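Structure, as structure tokens:
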Amino acid sequence: MFGFGKKHQTIRVKFIESGKAEAFAQVDLPIERLPDTFEINTTLHIAEEDWEVVSAVPPQKAQFEKTGTLDITLCKPEITYVDPSEILFSLPTINDELPALENPPSMENVMVVLEDDWRQCEFIAGRYHNEINQECQSVINIYDTQRVESGFKTLHVRKIITHPLTETRITLAALENAFTIEHRYQAVAFNNNASTIINSFAVKSPSGWIFWGQTDDNGDISTLCLRQSETADISAITGQIDAFIADNNLYLIDWIQVFVCGEGAASFSQYS
């Protein structure tokens, strides 16, 4: 009667050029003409020109379907020529391999991350203690020898630990039993491709921490990463994470910060 929970079939879209306050165009579009998410890199063709989407508020179809409005900030693509010798890396380390992708029936309720986020903060089986130390030392060497004011002259590509959860046999059900879950995503995607990681998953706790990764064909978790949302509260989940690590003989590693959590190392309460 009162329209609560109404889903709008037509969305009022405002187009705003980056750096300007006022919209340069406004149009009402059928919702089926809009993508499931603008978190994937998106280019729009407007008035015979290509525009790259800088941001969209709200970013997901499930959200603007409820509000009936969508503000898209755009910029015109530019080609800039840079001396290759001046190119720096923004990160000290990345993982060697990326997971395989597949074409999903929909991109709704998909968590979108950067390719560089893959296995940057992850749980690893305790049997890899020596390999963890070796990789950490390699990242520290990058900080010590390759860091300049605005980045890194080179980076360390991690190749040693290819199967981080070998012999752990942790299922999604066991993960959800260990932590309170308030939201389950359908899958995970990288922001440069409208495809999802095969057998991917992501679940969010009420404390704002997201557990995400990939399962193998048997349903066991093969890669388990940790991501903090804007509302992440470390105090609300420290005990659960420390217990999960101890119960499953794991380490939690943030490779960029060279932070190690687990037996003989730090508690998750020390993570920042």
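The values are calculated or read from the model by the stated rules, or taken from the named source; none is laboratory data. Computed from a predicted model, the values in this text were never measured in an experiment. Virtual Cβ from ideal backbone geometry, glycine too; neighbours counted across all protein chains shown. The protein model used for the area step is the full one, side chains on, heavy atoms only, and it has no ligands, DNA or RNA in it. Shrake-Rupley method; radii C 1.70, N 1.55, O 1.52, S 1.80 Å.
A cut-off of 5 Å between modelled amide H atoms, ignoring neighbours fewer than 5 places along the same chain, links S195 with F190. Estimated translational diffusion coefficient (Stokes-Einstein, Kirkwood radius over Cα pairs, 37 °C, 0.692 mPa s) of segment 195-272: 244 µm² per second. Full extension of the segment from E149 to D28, taken as 0.36 nm per residue of separation minus the current Cα-Cα distance, would add 38.9 nm. Among the chymotrypsin sites (Phe, Trp or Tyr not before Pro) in segment 1-98, those placed in a DSSP loop whose Cβ has at most 12 other Cβ atoms within 10 Å are F2, F4, Y81. The relative contact order of the chain, computed from alpha carbon pairs under 8 Å that lie at least 6 residues apart in sequence, is 17 percent.
Comparing mean-square fluctuations of I79, I210, I87 from a GNM of the chain with C-alpha springs under 10 Å, the top value falls on I79. The equivalent ellipsoid of the chain has semi-axes of 36, 26, 16 Å, largest first, where each one is the square root of 5 times an eigenvalue of the Cα gyration tensor.
Highest mobility in the GNM of the chain, judged by mean-square fluctuation with C-alpha springs under 10 Å and restricted to L114, L175, L224, is found for L114. What pairs from K14/K153; K61/K153; K20/K204; K76/K153; K159/K204 go past 31 Å between their alpha carbons? With Cα atoms farther than 31 Å apart: K14/K153; K61/K153; K20/K204. For segment 1-121, the relative contact order is 25 percent, taking Cα pairs closer than 8 Å that sit 6 or more residues apart in sequence and dividing their mean separation by the residue count. What is the helix-to-structure angle for 129-145, meaning the angle in degrees between its Cα long axis and the longest Cα principal axis of the chain, kept from 0 to 90 and rounded to the nearest 10? With both axes taken from Cα atoms, the answer is about 60 degrees. Which residues in segment 197-228 place their backbone N less than 13 Å from a point set 7 Å from the Cα of H163 along the Cα-to-Cβ direction? Of the residues in segment 197-228, 216-218, 220-223 have backbone N under 13 Å from the label point off H163.
In units of the compact-protein estimate 2.2 N^0.38 Å, segment 7-107 shows a Cα radius of gyration of 1.35. Ranked by solvent-accessible area (1.4 Å probe, protein heavy atoms only, all chains present), the residues K14, K20 order from largest to smallest as K20, K14. Counting only protein heavy atoms and a 1.4 Å probe, the chain has 56 square angstrom of accessible area per residue.
Projecting label points 7 angstrom from Cα along Cα→Cβ for A174 and S235 puts them 3.2 nm apart. For the Cα atoms of the chain, what angle does the longest principal axis make with the long axis of helix 238-247, in degrees from 0 to 90, nearest 10? That works out to roughly 50 degrees. Of the solvent-accessible surface of segment 50-155, computed with a 1.4 Å probe over protein heavy atoms with every protein chain present, carbon and sulfur atoms account for 47 percent.
Helical runs assigned H by DSSP (4 residues or longer) give the chain a calculated mean residue ellipticity at 222 nm of -4500 deg cm²/dmol, each run adding -39500 (n - 2.57) before division by the residue total. In segment 137-272, Cα pairs under 8 Å separated by at least six residues give a relative contact order of 17 percent.
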